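Participant: Take this structure, written in C-alpha coordinates, and hold onto it; I'll ask about it next.
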Amino acid sequence: MKILKDKVAKLSFVALLITMTAAMFYTPTASAHGEKSQAAFMRMRTIHWFDLNWSKEEVPVNDTMTISGKFFVFSGWPETVDKPEISFLNIGIPGPVFIRAGSWIGGQLVPRSVSLELGETYEFKVLLKARRPGDWHVHTMLNVKGGGPIIGPGKWVTVTGSMGSFVNPVTTLTGETIDLETYNLSNTYFWHAAWYAVGLIWVAYWARKPLFIPRSIAVEAGKADSLITPADKKVTLAFAVGTIAVIAATMASTNEKFPITTPLQAGLLRGIKSIQLPVPTVAVKVEDATYRVPGRAMQMTLTITNNGDSPVRLGEFNTAGVRFLDAAVAQDETGYPDDLLAEEGLTVSDNSAIAPGQSRTVQVTASDAAWEVYRLADLIYDPDSRFAGLLFFYDAAGNRQLVTIDAPLIPTFI
Ligand SMILES: [Cu+2]
(Lines give C-alpha, C1' and ligand atoms only; values in the text may rest on other atoms or scores of the structure.)
Protein backbone atom coordinates (compact mmCIF):
# COMPACT_ATOMS: atom_id res chain seq x y z
CA MET A 1 0.00 0.00 0.00
CA LYS A 2 2.80 2.39 0.96
CA ILE A 3 4.64 1.63 -2.29
CA LEU A 4 1.49 2.43 -4.25
CA LYS A 5 1.06 5.74 -2.42
CA ASP A 6 4.63 6.66 -3.18
CA LYS A 7 4.17 5.85 -6.85
CA VAL A 8 1.04 8.04 -6.99
CA ALA A 9 2.95 10.88 -5.29
CA LYS A 10 5.81 10.59 -7.76
CA LEU A 11 3.52 10.43 -10.77
CA SER A 12 1.66 13.53 -9.52
CA PHE A 13 4.96 15.32 -9.11
CA VAL A 14 6.06 14.45 -12.66
CA ALA A 15 2.67 15.57 -14.00
CA LEU A 16 2.99 18.87 -12.14
CA LEU A 17 6.47 19.35 -13.56
CA ILE A 18 5.28 18.70 -17.13
CA THR A 19 2.35 21.10 -16.67
CA MET A 20 4.58 23.87 -15.38
CA THR A 21 7.05 23.37 -18.22
CA ALA A 22 4.23 23.42 -20.78
CA ALA A 23 2.84 26.61 -19.24
CA MET A 24 6.21 28.28 -19.71
CA PHE A 25 6.12 27.54 -23.43
CA TYR A 26 2.48 28.61 -23.91
CA THR A 27 2.40 32.08 -25.45
CA PRO A 28 -1.00 33.00 -26.88
CA THR A 29 -1.13 35.44 -29.79
CA ALA A 30 -2.00 38.97 -28.71
CA SER A 31 -4.22 40.86 -31.13
CA ALA A 32 -3.66 44.36 -29.73
CA HIS A 33 -1.07 46.15 -27.70
CA GLY A 34 -3.22 47.51 -24.95
CA GLU A 35 -2.92 50.98 -26.45
CA LYS A 36 -6.49 51.69 -25.39
CA SER A 37 -5.87 50.65 -21.83
CA GLN A 38 -3.05 53.11 -21.32
CA ALA A 39 -4.38 55.90 -19.11
CA ALA A 40 -5.90 58.66 -21.25
CA PHE A 41 -3.95 61.39 -19.46
CA MET A 42 -0.71 59.58 -20.37
CA ARG A 43 -1.62 59.69 -24.05
CA MET A 44 -2.92 63.26 -23.94
CA ARG A 45 -0.38 65.01 -21.72
CA THR A 46 3.02 63.47 -22.43
CA ILE A 47 4.08 63.00 -26.06
CA HIS A 48 2.05 64.56 -28.89
CA TRP A 49 2.82 62.78 -32.16
CA PHE A 50 2.01 64.61 -35.38
CA ASP A 51 2.86 64.75 -39.10
CA LEU A 52 3.23 60.98 -38.95
CA ASN A 53 3.94 58.97 -42.04
CA TRP A 54 4.11 55.21 -42.45
CA SER A 55 5.97 54.87 -45.77
CA LYS A 56 4.23 51.60 -46.78
CA GLU A 57 1.08 49.64 -46.02
CA GLU A 58 2.44 46.41 -47.47
CA VAL A 59 6.05 45.24 -47.24
CA PRO A 60 7.63 41.97 -48.43
CA VAL A 61 9.93 40.16 -45.98
CA ASN A 62 13.46 41.64 -46.13
CA ASP A 63 12.16 44.97 -47.48
CA THR A 64 12.27 48.11 -45.41
CA MET A 65 9.81 50.83 -44.51
CA THR A 66 10.10 53.99 -42.47
CA ILE A 67 7.94 55.70 -39.90
CA SER A 68 8.68 59.36 -39.65
CA GLY A 69 7.14 62.43 -38.12
CA LYS A 70 7.44 64.80 -35.23
CA PHE A 71 6.65 64.69 -31.56
CA PHE A 72 6.10 67.48 -29.11
CA VAL A 73 7.19 66.86 -25.53
CA PHE A 74 4.30 68.41 -23.69
CA SER A 75 5.21 71.29 -21.39
CA GLY A 76 2.48 70.37 -18.89
CA TRP A 77 3.94 66.89 -18.33
CA PRO A 78 1.98 65.21 -15.48
CA GLU A 79 3.65 65.25 -12.06
CA THR A 80 2.91 61.55 -11.59
CA VAL A 81 5.06 60.51 -14.55
CA ASP A 82 8.85 60.83 -14.51
CA LYS A 83 10.23 63.44 -16.91
CA PRO A 84 11.65 62.05 -20.18
CA GLU A 85 15.24 62.54 -19.06
CA ILE A 86 16.09 58.97 -19.97
CA SER A 87 13.94 57.91 -22.89
CA PHE A 88 14.22 55.56 -25.81
CA LEU A 89 12.59 55.93 -29.21
CA ASN A 90 10.92 52.64 -29.96
CA ILE A 91 8.24 51.02 -32.08
CA GLY A 92 5.20 49.26 -30.62
CA ILE A 93 4.78 45.97 -32.49
CA PRO A 94 3.73 42.47 -31.38
CA GLY A 95 7.21 40.97 -30.97
CA PRO A 96 10.04 40.97 -33.53
CA VAL A 97 7.83 41.04 -36.61
CA PHE A 98 10.12 43.79 -37.91
CA ILE A 99 13.69 44.47 -36.94
CA ARG A 100 14.67 48.05 -36.21
CA ALA A 101 17.48 48.77 -38.64
CA GLY A 102 18.01 52.31 -37.36
CA SER A 103 16.33 55.21 -35.60
CA TRP A 104 17.08 58.90 -35.70
CA ILE A 105 15.97 61.98 -33.73
CA GLY A 106 16.83 65.34 -35.24
CA GLY A 107 18.98 63.56 -37.83
CA GLN A 108 21.14 61.93 -35.17
CA LEU A 109 21.37 58.13 -34.91
CA VAL A 110 19.82 57.13 -31.56
CA PRO A 111 20.55 53.47 -30.80
CA ARG A 112 20.67 54.44 -27.10
CA SER A 113 18.60 56.36 -24.62
CA VAL A 114 18.24 60.09 -25.09
CA SER A 115 17.46 63.02 -22.86
CA LEU A 116 14.49 65.10 -24.04
CA GLU A 117 13.42 68.57 -22.95
CA LEU A 118 9.86 69.53 -22.07
CA GLY A 119 8.29 72.00 -24.47
CA GLU A 120 10.50 70.98 -27.39
CA THR A 121 9.49 69.42 -30.70
CA TYR A 122 11.64 66.71 -32.24
CA GLU A 123 11.73 65.20 -35.69
CA PHE A 124 12.21 61.44 -35.84
CA LYS A 125 12.57 58.56 -38.25
CA VAL A 126 12.64 54.80 -37.68
CA LEU A 127 13.80 52.35 -40.33
CA LEU A 128 12.19 48.91 -40.10
CA LYS A 129 12.96 45.71 -41.98
CA ALA A 130 10.09 43.22 -42.37
CA ARG A 131 10.68 39.82 -40.76
CA ARG A 132 7.46 37.90 -40.08
CA PRO A 133 4.49 37.77 -42.51
CA GLY A 134 1.11 38.92 -41.18
CA ASP A 135 -0.98 42.00 -40.43
CA TRP A 136 0.66 44.05 -37.73
CA HIS A 137 -0.35 47.17 -35.88
CA VAL A 138 2.74 49.35 -36.00
CA HIS A 139 2.84 52.10 -33.36
CA THR A 140 5.23 54.86 -32.57
CA MET A 141 6.43 54.57 -29.00
CA LEU A 142 8.65 56.31 -26.50
CA ASN A 143 9.94 54.40 -23.49
CA VAL A 144 10.42 56.76 -20.56
CA LYS A 145 12.31 55.62 -17.49
CA GLY A 146 9.91 55.90 -14.58
CA GLY A 147 7.03 56.58 -16.96
CA GLY A 148 6.74 53.34 -18.89
CA PRO A 149 6.18 52.87 -22.59
CA ILE A 150 4.17 55.79 -23.96
CA ILE A 151 2.42 54.51 -27.04
CA GLY A 152 1.57 56.64 -30.07
CA PRO A 153 -0.80 56.09 -32.99
CA GLY A 154 -0.74 52.72 -34.74
CA LYS A 155 -1.37 51.77 -38.36
CA TRP A 156 -1.96 48.32 -39.85
CA VAL A 157 0.92 47.15 -42.04
CA THR A 158 0.91 43.86 -43.95
CA VAL A 159 4.12 41.88 -44.28
CA THR A 160 4.09 39.40 -47.17
CA GLY A 161 6.39 36.54 -48.14
CA SER A 162 7.89 33.87 -45.91
CA MET A 163 9.86 34.23 -42.73
CA GLY A 164 12.24 31.48 -43.86
CA SER A 165 13.74 33.84 -46.41
CA PHE A 166 14.51 36.55 -43.85
CA VAL A 167 18.19 37.43 -43.58
CA ASN A 168 19.92 39.93 -41.33
CA PRO A 169 23.53 40.19 -42.50
CA VAL A 170 25.97 42.35 -40.56
CA THR A 171 29.70 42.83 -40.89
CA THR A 172 31.54 42.60 -37.60
CA LEU A 173 34.39 44.92 -36.62
CA THR A 174 36.81 42.14 -37.53
CA GLY A 175 35.52 42.10 -41.11
CA GLU A 176 33.49 38.92 -40.96
CA THR A 177 29.96 38.93 -42.43
CA ILE A 178 27.42 36.95 -40.43
CA ASP A 179 23.65 36.46 -40.61
CA LEU A 180 22.36 37.53 -37.20
CA GLU A 181 19.11 35.64 -37.80
CA THR A 182 20.83 32.24 -37.70
CA TYR A 183 24.27 33.03 -36.28
CA ASN A 184 25.46 30.26 -33.96
CA LEU A 185 21.87 29.12 -33.47
CA SER A 186 22.84 25.44 -33.16
CA ASN A 187 25.10 26.42 -30.27
CA THR A 188 22.20 28.18 -28.55
CA TYR A 189 19.95 25.13 -28.97
CA PHE A 190 22.72 22.79 -27.77
CA TRP A 191 23.35 24.69 -24.53
CA HIS A 192 19.69 25.17 -23.74
CA ALA A 193 19.16 21.41 -24.20
CA ALA A 194 22.31 20.48 -22.29
CA TRP A 195 21.50 22.55 -19.18
CA TYR A 196 17.86 21.53 -19.32
CA ALA A 197 18.99 17.88 -19.30
CA VAL A 198 21.30 18.50 -16.33
CA GLY A 199 18.39 20.12 -14.50
CA LEU A 200 16.07 17.21 -15.29
CA ILE A 201 18.63 14.65 -14.08
CA TRP A 202 19.01 16.65 -10.84
CA VAL A 203 15.25 16.71 -10.29
CA ALA A 204 14.92 13.01 -11.22
CA TYR A 205 17.64 12.05 -8.74
CA TRP A 206 15.81 13.65 -5.82
CA ALA A 207 12.34 12.67 -7.03
CA ARG A 208 13.34 8.98 -6.71
CA LYS A 209 13.33 9.39 -2.95
CA PRO A 210 10.35 9.77 -0.64
CA LEU A 211 8.85 13.16 -1.36
CA PHE A 212 7.08 15.90 0.53
CA ILE A 213 4.94 14.17 3.15
CA PRO A 214 7.36 11.38 4.19
CA ARG A 215 10.08 14.04 4.40
CA SER A 216 7.95 16.33 6.46
CA ILE A 217 7.16 13.48 8.84
CA ALA A 218 10.87 12.59 9.13
CA VAL A 219 11.79 16.21 9.86
CA GLU A 220 9.09 16.49 12.51
CA ALA A 221 10.26 13.25 14.11
CA GLY A 222 13.74 14.75 14.47
CA LYS A 223 15.20 12.42 11.83
CA ALA A 224 16.05 15.06 9.25
CA ASP A 225 19.67 13.96 9.16
CA SER A 226 18.67 10.50 7.97
CA LEU A 227 17.10 11.94 4.79
CA ILE A 228 20.42 12.78 3.15
CA THR A 229 22.76 9.84 2.76
CA PRO A 230 26.54 9.96 2.18
CA ALA A 231 25.83 8.89 -1.43
CA ASP A 232 23.52 11.94 -1.83
CA LYS A 233 26.31 14.20 -0.64
CA LYS A 234 28.73 12.70 -3.18
CA VAL A 235 26.22 13.12 -6.01
CA THR A 236 25.58 16.73 -5.01
CA LEU A 237 29.29 17.44 -4.91
CA ALA A 238 29.73 15.81 -8.33
CA PHE A 239 26.93 18.03 -9.75
CA ALA A 240 28.48 21.19 -8.29
CA VAL A 241 32.03 20.42 -9.39
CA GLY A 242 30.84 19.19 -12.79
CA THR A 243 28.81 22.38 -13.43
CA ILE A 244 31.72 24.64 -12.51
CA ALA A 245 34.15 22.55 -14.59
CA VAL A 246 31.89 22.67 -17.69
CA ILE A 247 31.48 26.45 -17.35
CA ALA A 248 35.22 27.03 -16.87
CA ALA A 249 36.22 24.81 -19.78
CA THR A 250 33.66 26.22 -22.24
CA MET A 251 34.42 29.78 -21.19
CA ALA A 252 38.12 29.19 -21.89
CA SER A 253 37.40 27.69 -25.30
CA THR A 254 34.97 30.54 -26.16
CA ASN A 255 37.54 33.16 -25.20
CA GLU A 256 40.08 31.39 -27.39
CA LYS A 257 37.69 31.25 -30.36
CA PHE A 258 36.52 34.88 -30.00
CA PRO A 259 39.44 36.86 -28.61
CA ILE A 260 37.88 40.25 -29.48
CA THR A 261 34.53 41.12 -27.96
CA THR A 262 32.94 44.44 -27.06
CA PRO A 263 30.21 44.80 -24.45
CA LEU A 264 26.70 45.83 -25.44
CA GLN A 265 26.69 49.60 -25.68
CA ALA A 266 24.58 51.58 -23.26
CA GLY A 267 24.57 55.18 -22.13
CA LEU A 268 22.66 58.38 -22.53
CA LEU A 269 22.79 60.81 -25.45
CA ARG A 270 22.31 64.43 -24.45
CA GLY A 271 21.87 67.54 -26.54
CA ILE A 272 19.51 65.96 -29.07
CA LYS A 273 18.57 68.60 -31.62
CA SER A 274 14.98 69.78 -31.50
CA ILE A 275 13.29 71.67 -34.29
CA GLN A 276 12.42 75.31 -33.85
CA LEU A 277 8.83 75.87 -34.86
CA PRO A 278 8.03 79.52 -35.57
CA VAL A 279 6.56 81.23 -32.50
CA PRO A 280 2.77 81.11 -33.00
CA THR A 281 1.16 84.44 -33.70
CA VAL A 282 -2.21 83.03 -32.64
CA ALA A 283 -3.05 83.08 -28.95
CA VAL A 284 -5.70 80.74 -27.59
CA LYS A 285 -7.39 80.94 -24.21
CA VAL A 286 -9.53 77.99 -23.10
CA GLU A 287 -12.53 79.58 -21.33
CA ASP A 288 -14.03 76.21 -20.46
CA ALA A 289 -14.11 72.64 -21.69
CA THR A 290 -16.74 70.00 -21.11
CA TYR A 291 -17.14 66.42 -22.24
CA ARG A 292 -20.71 65.35 -23.00
CA VAL A 293 -20.81 61.66 -22.21
CA PRO A 294 -23.98 60.74 -24.20
CA GLY A 295 -22.83 62.64 -27.28
CA ARG A 296 -19.22 61.42 -27.28
CA ALA A 297 -18.20 65.00 -27.88
CA MET A 298 -15.92 67.48 -26.26
CA GLN A 299 -16.95 71.10 -26.30
CA MET A 300 -14.53 73.95 -25.71
CA THR A 301 -15.07 77.66 -25.52
CA LEU A 302 -11.96 79.27 -26.97
CA THR A 303 -10.97 82.88 -27.25
CA ILE A 304 -8.70 83.09 -30.27
CA THR A 305 -6.62 86.19 -30.88
CA ASN A 306 -4.78 86.64 -34.15
CA ASN A 307 -1.61 88.67 -33.54
CA GLY A 308 -0.19 87.83 -36.95
CA ASP A 309 -0.49 89.60 -40.28
CA SER A 310 -2.66 87.14 -42.21
CA PRO A 311 -6.18 85.87 -41.48
CA VAL A 312 -6.31 82.37 -39.93
CA ARG A 313 -8.85 79.57 -39.46
CA LEU A 314 -8.83 76.61 -37.08
CA GLY A 315 -8.31 73.39 -39.04
CA GLU A 316 -7.45 70.63 -36.62
CA PHE A 317 -7.50 69.51 -33.01
CA ASN A 318 -5.13 66.63 -32.23
CA THR A 319 -5.10 64.80 -28.94
CA ALA A 320 -3.60 61.40 -28.10
CA GLY A 321 -3.08 60.83 -31.81
CA VAL A 322 -6.78 61.29 -32.63
CA ARG A 323 -7.18 64.00 -35.26
CA PHE A 324 -10.41 66.03 -35.45
CA LEU A 325 -10.50 68.01 -38.69
CA ASP A 326 -12.71 70.73 -40.11
CA ALA A 327 -12.89 69.40 -43.68
CA ALA A 328 -13.43 72.91 -45.04
CA VAL A 329 -10.02 74.00 -43.75
CA ALA A 330 -7.78 70.92 -43.46
CA GLN A 331 -7.73 67.48 -45.09
CA ASP A 332 -5.52 64.50 -44.52
CA GLU A 333 -3.44 63.37 -47.49
CA THR A 334 -1.04 61.11 -45.65
CA GLY A 335 -3.22 58.00 -45.29
CA TYR A 336 -3.57 58.49 -41.55
CA PRO A 337 -5.21 55.47 -39.81
CA ASP A 338 -9.02 55.68 -40.26
CA ASP A 339 -9.90 54.88 -36.68
CA LEU A 340 -7.84 57.83 -35.46
CA LEU A 341 -9.07 60.30 -38.05
CA ALA A 342 -12.31 62.24 -37.66
CA GLU A 343 -12.33 63.98 -41.05
CA GLU A 344 -15.35 66.07 -40.14
CA GLY A 345 -15.07 65.73 -36.40
CA LEU A 346 -14.34 69.38 -35.66
CA THR A 347 -17.13 71.96 -35.63
CA VAL A 348 -16.47 75.60 -34.94
CA SER A 349 -19.43 77.91 -34.22
CA ASP A 350 -17.91 80.56 -36.51
CA ASN A 351 -14.94 79.37 -38.53
CA SER A 352 -14.66 82.29 -40.89
CA ALA A 353 -11.14 83.68 -41.05
CA ILE A 354 -10.04 85.68 -38.02
CA ALA A 355 -8.48 88.89 -39.31
CA PRO A 356 -5.13 90.17 -38.02
CA GLY A 357 -5.63 91.98 -34.74
CA GLN A 358 -9.05 90.43 -34.24
CA SER A 359 -10.14 88.38 -31.23
CA ARG A 360 -13.11 86.02 -31.26
CA THR A 361 -14.73 83.65 -28.79
CA VAL A 362 -15.99 80.47 -30.43
CA GLN A 363 -17.57 77.16 -29.47
CA VAL A 364 -15.45 74.27 -30.73
CA THR A 365 -16.81 70.73 -30.71
CA ALA A 366 -14.65 67.68 -31.26
CA SER A 367 -16.90 64.68 -31.69
CA ASP A 368 -16.11 61.16 -32.76
CA ALA A 369 -16.59 57.57 -31.60
CA ALA A 370 -12.83 57.58 -30.97
CA TRP A 371 -13.47 59.27 -27.61
CA GLU A 372 -15.04 56.02 -26.46
CA VAL A 373 -13.28 53.53 -28.76
CA TYR A 374 -9.89 54.81 -27.68
CA ARG A 375 -11.15 55.25 -24.13
CA LEU A 376 -10.04 58.86 -23.95
CA ALA A 377 -13.27 59.73 -22.19
CA ASP A 378 -11.96 57.78 -19.18
CA LEU A 379 -10.14 61.00 -18.42
CA ILE A 380 -13.24 62.32 -16.68
CA TYR A 381 -12.83 59.70 -13.95
CA ASP A 382 -9.28 60.83 -13.13
CA PRO A 383 -8.61 62.77 -9.93
CA ASP A 384 -6.98 65.43 -12.10
CA SER A 385 -9.29 65.60 -15.14
CA ARG A 386 -7.19 67.67 -17.49
CA PHE A 387 -6.91 67.30 -21.20
CA ALA A 388 -4.31 68.66 -23.57
CA GLY A 389 -3.82 68.76 -27.28
CA LEU A 390 -2.58 70.59 -30.32
CA LEU A 391 -4.58 73.11 -32.33
CA PHE A 392 -3.53 73.75 -35.92
CA PHE A 393 -4.41 77.07 -37.54
CA TYR A 394 -4.12 77.73 -41.28
CA ASP A 395 -3.95 80.91 -43.31
CA ALA A 396 -5.18 81.23 -46.91
CA ALA A 397 -1.73 80.29 -48.26
CA GLY A 398 -1.81 77.02 -46.30
CA ASN A 399 0.77 78.09 -43.70
CA ARG A 400 0.24 76.19 -40.51
CA GLN A 401 0.65 77.24 -36.90
CA LEU A 402 0.61 74.97 -33.91
CA VAL A 403 -0.79 76.06 -30.56
CA THR A 404 -0.92 73.77 -27.53
CA ILE A 405 -3.80 73.85 -25.09
CA ASP A 406 -4.06 72.39 -21.63
CA ALA A 407 -7.14 72.84 -19.43
CA PRO A 408 -9.48 71.07 -16.98
CA LEU A 409 -12.24 69.00 -18.55
CA ILE A 410 -15.64 68.86 -16.87
CA PRO A 411 -17.99 66.00 -17.75
CA THR A 412 -21.73 66.35 -18.31
CA PHE A 413 -23.99 63.35 -18.21
CA ILE A 414 -27.12 64.88 -19.74
CU1 LIG B 1 -1.97 48.44 -31.79
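The values are calculated or read from the model by the stated rules, or taken from the named source; none is laboratory data. Everything numeric here is computed off the predicted structure, so don't read it as measured data. FYI the Cβ positions are ideal-geometry reconstructions off the backbone, even for glycines, and counts take in every protein chain you see.
Participant: From VAL97, VAL59, which residue is within 16 Å of the chain's Cα centre (by Cα) and modelled with pLDDT of 95 or more?
Facilitator: Numbers: VAL59 fails: within 16 Å of the chain's Cα centre (by Cα).
That would be VAL97, the only listed residue that is within 16 Å of the chain's Cα centre (by Cα) and modelled with pLDDT of 95 or more.
Participant: Out of the range 287-304, which residues are β-branched (Val, Ile, Thr) and either surrounded by fewer than 16 Cβ atoms within 10 Å (Cβ to Cβ) or over 20 Å from TYR394 (Cβ atoms) (or both)?
Facilitator: Step one: list which residues in the range 287-304 are β-branched (Val, Ile, Thr), which gives 290, 293, 301, 303-304.
Those that are β-branched (Val, Ile, Thr) and either surrounded by fewer than 16 Cβ atoms within 10 Å (Cβ to Cβ) or over 20 Å from TYR394 (Cβ atoms) (or both): THR290, VAL293, THR301, THR303.
Participant: Applying the selection to the range 258-286, what residues are among the β-branched types (Val, Ile, Thr) and surrounded by fewer than 10 Cβ atoms within 10 Å (Cβ to Cβ)?
Facilitator: ILE260, THR261, THR262, VAL279
Participant: Next question, about the same structure. Residue pairs, Cβ under 8 Å, 6 or more apart or interchain, first in the range 168-188 and more than 20 Å from THR64 (Cβ to Cβ), second among the polar types (S, T, N, Q) and exposed (fewer than 10 other Cβ atoms within 10 Å of the Cβ). List them.
Facilitator: Note: pairs meeting the criteria are LEU173/THR262.
Participant: Going residue by residue through the range 332-339, is there one that turns out to be among the charged types (D, E, K, R), farther than 17 Å from VAL282 by Cβ and over 25 Å from the mean Cα position of the chain (by Cα)? Quick ask: steps written out before the conclusion?
Facilitator: Our first condition is that a residue be among the charged types (D, E, K, R); within the range 332-339, this holds for 332-333, 338-339.
From the residues that got through so far, the ones that are farther than 17 Å from VAL282 by Cβ too are 332-333, 338-339.
Next cut, over 25 Å from the mean Cα position of the chain (by Cα) only: 332-333.
Yes, that holds for at least one residue.
Participant: Still on this model: Restricted to the range 125-142, and to residues that are closer than 20 Å to SER274 by Cβ and within 16 Å of the ligand (Cβ to nearest atom), which residue is farthest from the chain's Cα centre (by Cα)? Spell out the reasoning first.
Facilitator: Looking only at the range 125-142, we keep the residues that are closer than 20 Å to SER274 by Cβ, and these are 125-126, 140-142.
Next cut, within 16 Å of the ligand (Cβ to nearest atom) only: 126, 140-142.
On the way: VAL126: 14, THR140: 7, MET141: 5, LEU142: 7 Å.
Step by step, filter the range 125-142, then rank; the result is VAL126.
Participant: Would you confirm whether or not the range 331-346 contains a residue that is modelled with pLDDT of 90 or more, β-branched (Val, Ile, Thr) and either not assigned by TED's automatic domain parsing to the domain that holds VAL293 or not in a strand (DSSP E or B) (or both)?
Facilitator: no
Participant: Among TRP104, TRP77, TRP136, which is the only one that is free of Cβ contacts under 8 Å to residues at least 24 places away in the same chain and surrounded by 15 or more Cβ atoms within 10 Å (Cβ to Cβ)?
Facilitator: Values: TRP77 fails: free of Cβ contacts under 8 Å to residues at least 24 places away in the same chain; TRP136 fails: free of Cβ contacts under 8 Å to residues at least 24 places away in the same chain.
Residue meeting the stated conditions: TRP104.
Participant: Which numbered condition trips up PHE71, out of (1) within 16 Å of the ligand (Cβ to nearest atom); (2) within 19 Å of LEU341 (Cβ to Cβ)?
Facilitator: Condition (1) is where PHE71 drops out.
Participant: Determine if the range 104-124 includes at least one residue that is within 16 Å of the ligand (Cβ to nearest atom), farther than 26 Å from PRO383 by Cα and at pLDDT 95 or above. It would help to see each step written out before you state the result.
Facilitator: As a first pass, look at the range 104-124 and keep what is within 16 Å of the ligand (Cβ to nearest atom): none.
So far as the range 104-124 goes, no, none of its residues is within 16 Å of the ligand (Cβ to nearest atom), farther than 26 Å from PRO383 by Cα and at pLDDT 95 or above.
Participant: Could you tell me which numbered condition LEU227 fails, if it satisfies all but one of (1) at positive phi; (2) in contact (Cβ under 8 Å) with a residue 12 or more places away in the chain?
Facilitator: (1)
Participant: In the range 88-137, which residues are hydroxyl-bearing (Ser, Thr, Tyr) and within 17 Å of HIS48 (Cα to Cα)? Break it down into steps so the answer makes sense when it comes.
Facilitator: Step one: filter the range 88-137 for residues hydroxyl-bearing (Ser, Thr, Tyr), giving 103, 113, 115, 121-122.
Once the filter is applied, which keeps residues that are hydroxyl-bearing (Ser, Thr, Tyr) and within 17 Å of HIS48 (Cα to Cα), the range 88-137 yields SER115, THR121, TYR122.
Participant: On to the next question. Return yes or no: is ALA355 under 22 Å from GLY152 (Cα atoms), in contact (Cβ under 8 Å) with a residue 12 or more places away in the chain and aliphatic (A, V, I, L, M)?
Facilitator: Values: under 22 Å from GLY152 (Cα atoms): no; in contact (Cβ under 8 Å) with a residue 12 or more places away in the chain: yes; aliphatic (A, V, I, L, M): yes.
No; evaluated as a whole, the condition is false for this residue.
Participant: Restricting attention to strands (runs of 3 or more DSSP E) lying wholly within the range 113-229, give those where 1 or more residues are out of contact with any strand residue (DSSP E or B) (no Cβ under 7 Å at 6 or more places or on another chain) and not β-branched (Val, Ile, Thr). Show your work before the answer.
Facilitator: Values: elements: 121-130, 134-144, 148-160, 169-171, 177-179.
Here the list reads 148-160.
Participant: What about ILE93, is it within 30 Å of ASP382 (Cα to Cα), surrounded by 17 or more Cβ atoms within 10 Å (Cβ to Cβ) and within 16 Å of the ligand (Cβ to nearest atom)?
Facilitator: For ILE93, the condition - within 30 Å of ASP382 (Cα to Cα), surrounded by 17 or more Cβ atoms within 10 Å (Cβ to Cβ) and within 16 Å of the ligand (Cβ to nearest atom) - is met.
Participant: Which ones in the range 268-288 are more than 22 Å from PHE71 (Cβ to Cβ), of a type outside the set (A, V, I, L, M, F, W, C) and touching a residue at least 40 places away in the same chain (Cβ under 8 Å)?
Facilitator: Within the range 268-288, THR281, GLU287, ASP288 meet the criteria.
Participant: Right, next: Could you please let me know if TYR394 is touching a helix residue (DSSP H, G or I) at 6+ places or on another chain (Cβ under 6 Å), touching a residue at least 12 places away in the same chain (Cβ under 8 Å), buried (at least 17 other Cβ atoms within 10 Å of the Cβ) and not aliphatic (A, V, I, L, M)?
Facilitator: On the way: touching a helix residue (DSSP H, G or I) at 6+ places or on another chain (Cβ under 6 Å): no; touching a residue at least 12 places away in the same chain (Cβ under 8 Å): yes; buried (at least 17 other Cβ atoms within 10 Å of the Cβ): yes; not aliphatic (A, V, I, L, M): yes.
Here the answer is no, as TYR394 does not meet what is asked.
Participant: Those residues that are of a type outside the set (A, V, I, L, M, F, W, C) and touching an Asp or Glu at 6+ places or on another chain (Cβ under 8 Å), I need them from the range 79-122; list them, please. Please lay out each step first, then the result.
Facilitator: Within the range 79-122, the subset of a type outside the set (A, V, I, L, M, F, W, C) is 79-80, 82-85, 87, 90, 92, 94-96, 100, 102-103, 106-108, 111-113, 115, 117, 119-122.
Answer for the range 79-122, where residues must be of a type outside the set (A, V, I, L, M, F, W, C) and touching an Asp or Glu at 6+ places or on another chain (Cβ under 8 Å): GLY92, GLY106, GLY107, SER115.
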